[in-house]
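Below: one structure, written as structure tokens.
The values are calculated or read from the model by the stated rules, or taken from the named source; none is laboratory data. Everything numeric in this text was worked out from a predicted model, so none of it was measured. Here Cβ is always computed from backbone atoms with ideal geometry, including for glycine, and neighbour counts include all displayed protein chains. Only protein heavy atoms, including side chains, enter the accessible area calculation; ligands, DNA and RNA are left aside. Shrake-Rupley method; radii C 1.70, N 1.55, O 1.52, S 1.80 Å.
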Amino acid sequence: MRLLADRIGHRYGTTEVLRDIRIAIGEGEIVCIVGPSGCGKSTFLRMLGGLEEASSGQVLLEGEPPAGSLNPITYIFQDFALLPWRSVEGNIRLVLEDHRLGAAAMRRIVGDVLERTRLSEFRAALPRQLSGGMKQRVAIARALAVRPAVMLMDEPLSALDSQTRELLMDDLVELWTRDRFSACYVTHNLAEAVRLGHRVHVLSRRPGRIRETVEIDMPLAERAERAAELEAMQRHIWLIMREEARAADRELADGR
Amino acid sequence: MADDPAPGARVRPVPFRGGGFRPQTNSYVSLAVFIGLILLWEAGSRAGLISPIALPAPSQVLVALADLVRTGMLWKHLSVSLMRLGVGWVLGSILGILVGLLIGLFTIARAALLQLTSALFAVPKIALLPLFIVWFGIGESSKIATILFGSFFPTVIATYSGVDNVDRNLIRMAQSFGLSWGSIVRKIILPGALPAILSGLRISSAIAIVLLVAAEMIGAQFGIGAYILQAGSLFAIDQLIAGVTILAVLGLAISWVIGRAERRFLDWRS
Ligand SMILES: Nc1ncnc2c1ncn2[C@@H]1O[C@H](COP(=O)(O)OP(=O)(O)OP(=O)(O)O)[C@@H](O)[C@H]1O
Ligand SMILES: [Mg+2]
């Protein structure tokens, strides 16, 4: 199954936020989107998953979702979005309960995703008892439980400290190596983009357009070792982004 | 060592400036203050500092209370009061939560009811009692209606503002996982609004007690309010204070029950 954004444009009132975005997320591909603050990345991601309607253009699904996928397009949010009154296990069950799976199937899925995210010991813990990194792992476990075809992630690691971010990036690479999910990954952090993306789209300042697309064809599993090459790629992207970010910064300061 | 203070230099600890602003309750202290006040009052009465006409000693109030128990009147007054309070407050709260949810969930309900609710919330319900007496007669219905109305509005307002304050991100998350509308309401909106609903119930219970006494003072033979009114008109201050004591205990009991509910259902809050 592929997810295609076909000439997406959007405005909030008189402010144009996005213009003419065309992106394809192929099977097993991680597509990263970077861009200056306020250029419409989060808005775009909401449109990809059908949480918001674009003013122009449309989002298309090509092909059928894989059999057994309960929620083909699944989000992972920056703020985790866990229910504070449910335990780790309860939060995962939440997204399965509406599917009438039967108690045994439910238990099997919950046990499986908890194990894959190494959370089995914490199944009874409440969110407030967990660190930020663990909360995001719960959110990842919850997303895996519905067997998504495409994951949409809006700055999933931004609320975390840099060590935790490193660890979770390794986890994501490991999960991807096993499941080959496709993903659209929005981030501010260029190191994350070159570490996880098969392709990086750089957006311009508002209204967001695709400024440039960088293909990275190094296998994900090797990237931790080949940091120097990635460093060069990251620098290249930063040079493209710098003027946009500067200009965007000035615009915001002007209050325009 | 470099980490040690330089020899001869003046050294002093950094003064502690944090702490405070986190008042805690301590049941021993509250009990001690309570008992202390009663003892002081008793001592003042015995020493003749407090006139028995203005304020009888606690021991006399106790005698009045014991009289109430002995003659069986306590139960007579208390049972009708509890019935009125129970029916009025419970019905008012249930209806209030339902209407509050409607206002919180549906545009039509909000447009139709929000202003009306705010307008009626401000009306002192006791002013409506004569109207209710005309409608429902002098019997139980008019008293229950007053209590029901009085507890209905604060519950409506607490409930819909609780619903309004449920984290939108959680709702968006639920939608993104394809949860049904009913599941979102039951599993996200209701638990998310529960803290506000419970504190609304706390307020409405206090209002309900006030209205109970007021309604019983206007036209009732039995009930704590009626008992207090009779005591007042006979200048039986000891009985009057006994009645007030019963009300205070009633208020404490309700607040204790709600406190238990909060601890039971809101244990996920830090
Ligand atoms: N619901 C909304 N109504 C009106 N304007 C909005 C709304 N949501 C976002 N915007 C505006 O649209 C623009 C793009 O917002 P968006 O959150 O998509 O940017 P972003 O690229 O994700 O920014 P950041 O990098 O800070 O997360 C911003 O200027 C924002 O103020
Ligand atoms: Mg954003």
Inset, instruction - Set Lys and Arg Cβ to +1 and Asp and Glu Cβ to -1, take the dipole of region A:124-178 about its Cα centre, and tell me which of A:G133, A:L157, A:L144 lies farthest positive. - result: A:L144
Legend entry - Farthest positive-ward along the protein assembly as shown dipole, Cα basis, beta-carbon charges - from B:A261, B:Q60, B:L95: B:Q60
Inset, instruction - Find which of B:L39, A:A104, A:L45 sits farthest along the positive direction of the dipole of the protein assembly as shown, computed with +1 on the beta-carbon of Lys and Arg, -1 on that of Asp and Glu, about the Cα centre. - result: B:L39
Inset, instruction - Indicate, rounded to the nearest 5 percent, the antiparallel portion of the DSSP beta bridges found entirely in chain A. - result: 50
Inset, instruction - Search the structure for amide H atoms under 5 Å from the amide H of A:A125, placed 1.01 Å from N in the peptide plane, and list their residues when 5 or more places away or on another chain. - result: A:V88, A:E89
Legend entry - Size of charge dipole - region A:2-253 - debye, nearest 20, with Cβ of Lys, Arg +1 and Asp, Glu -1, no other charges: 500
Inset, instruction - With springs connecting C-alpha atoms under 10 Å apart, model chain A as a Gaussian network and identify which of A:G38, A:G50, A:G133 has the largest mean-square fluctuation. - result: A:G50
Inset, instruction - Enumerate the amide H contacts of A:C184 below 5 Å, restricted to partners 5 or more residues apart or on another chain; note that Pro and chain-start residues carry no placed amide H. - result: A:V31, A:M151, A:L152, A:M153
Legend entry - About the Cα centre, charge dipole magnitude for region B:65-265 (Lys/Arg +1, Asp/Glu -1 at Cβ), debye: 560
Legend entry - Heavy-atom accessible area ranking, 1.4 Å probe, most first, across B:I138, B:I133, B:I246: B:I138, B:I133, B:I246
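State, as an integer percentage, the relative contact order of region A:1-135 based on alpha-carbon contacts under 8 Å between residues 6 or more apart.
Details: 142 pairs, mean separation 31.0, N = 135.
Contact order relative to length: 23 percent.
For B:S151, B:S27, give the ranking by accessible area with the largest first, probe 1.4 Å.
Details: B:S151 0, B:S27 85 Å².
Greatest to least solvent exposure: B:S27, B:S151.
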Inset, instruction - Report the equivalent ellipsoid semi-axes for region A:1-120 in whole Å, largest first, defined as the square roots of five times the eigenvalues of the gyration tensor built from alpha carbon atoms. - result: 32, 18, 13
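Enter the accessible area per residue of chain A (Å², integer; probe 1.4 Å; all protein chains in place). All intermediate terms of the calculation are to be shown ahead of the outcome.
Working: 11630 Å² over 256 residues.
Ligands and nucleic acids excluded, the figure is 45 Å² per residue.
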Legend entry - Mean projection area, nm², convex hull over Cα of region B:62-109: 4.2
Inset, instruction - Lys and Arg at +1, Asp and Glu at -1: add these up for the other residues within a Cβ distance under 15 Å of A:E243 and post the number. - result: +4
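Go through B:F222, B:F177 and list them by solvent-accessible area, largest first, probe radius 1.4 Å.
Details: B:F222 60, B:F177 5 Å².
Largest accessible area first, the residues go B:F222, B:F177.
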Inset, instruction - Note the per residue figure in Å³ for the convex hull of the C-alpha positions in region B:1-122. - result: 371
Legend entry - Chain pair A, B: total accessible area buried, heavy atoms, 1.4 Å probe, Å²: 1900
Inset, instruction - Could you state, as a whole-number percent, how many of the C-alpha pairs of the protein assembly as shown are farther apart than 31 Å? - result: 63
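By DSSP, what percent of the beta bridges with both residues in the protein assembly as shown are antiparallel, rounded to the nearest 5?
Working: 18 of 36 bridges.
Counting DSSP beta bridges with both partners in the protein assembly as shown, the antiparallel share is about 50 percent.
Can you compute the charge dipole magnitude of the protein assembly as shown about its Cα centre, using +1 on each Lys and Arg Cβ and -1 on each Asp and Glu Cβ, nothing else charged? Give it in debye, rounded to the nearest 20. The partial results should precede the final answer.
Numbers: 56 positive and 48 negative charges, 214 e Å.
Roughly 1040 debye for the protein assembly as shown.
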Legend entry - Vicinal HN-Hα couplings computed from phi for region B:114-120 (Karplus, 6.51 cos²θ - 1.76 cosθ + 1.60; Hz; Gly/Pro x): 4, 5, 4, 4, 4, 5, 6
Legend entry - Choice from A:L144, A:L230, A:L51 with maximal GNM fluctuation in chain A (Cα, 10 Å cutoff): A:L51
Legend entry - Amide proton proximity set for A:E52, modelled H, under 5 Å, gap of 5+: A:M47
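For the protein assembly as shown, which whole percent of the accessible surface, found with a 1.4 angstrom probe, sits on carbon and sulfur atoms? Walk me through the numbers before you get to the answer.
Working: 16590 of 27610 Å².
Answer for the protein assembly as shown is 60 percent, counting heavy atoms of protein chains only.
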Legend entry - Sequence-separation-based contact order of chain B, relative, with Cα cut under 8 Å and 6+ spacing, percent: 21
Legend entry - Percentage of interatomic Cα-Cα distances in region B:65-265 larger than 24 Å: 48
Legend entry - Cα-based radius of gyration of region A:1-41 once divided by 2.2 N^0.38 Å, which approximates compact folds: 1.34
Inset, instruction - Could you work out which residue, out of B:F21, B:F235, B:F136, moves most in a Gaussian network model of chain B, that is, has the largest mean-square fluctuation with Cα springs under 10 Å? - result: B:F21
Legend entry - With at most 16 neighbouring Cβ atoms within 10 Å, loop GluC sites (Glu not before Pro) (DSSP) excluded, longest segment of chain A: A:54-224
Inset, instruction - State the volume of the convex hull built on the alpha-carbon positions of chain A, expressed per residue in Å³ and rounded to an integer. - result: 137
Inset, instruction - Calculate I(q)/I(0) for region A:131-256 by the Debye formula, one identical point scatterer on each C-alpha and no solvent, and give its log10 at q = 0.21, 0.22, 0.23 Å⁻¹ to two decimals. - result: -1.31, -1.38, -1.44
Inset, instruction - Compute the long axis of helix A:132-145 from its Cα atoms, compare it with the longest principal axis of the Cα atoms of chain A, and write down the angle in degrees, 0 to 90, nearest 10. - result: 70
Legend entry - Rg ratio (alpha-carbon, reference 2.2 N^0.38 Å) - region B:58-160: 1.41
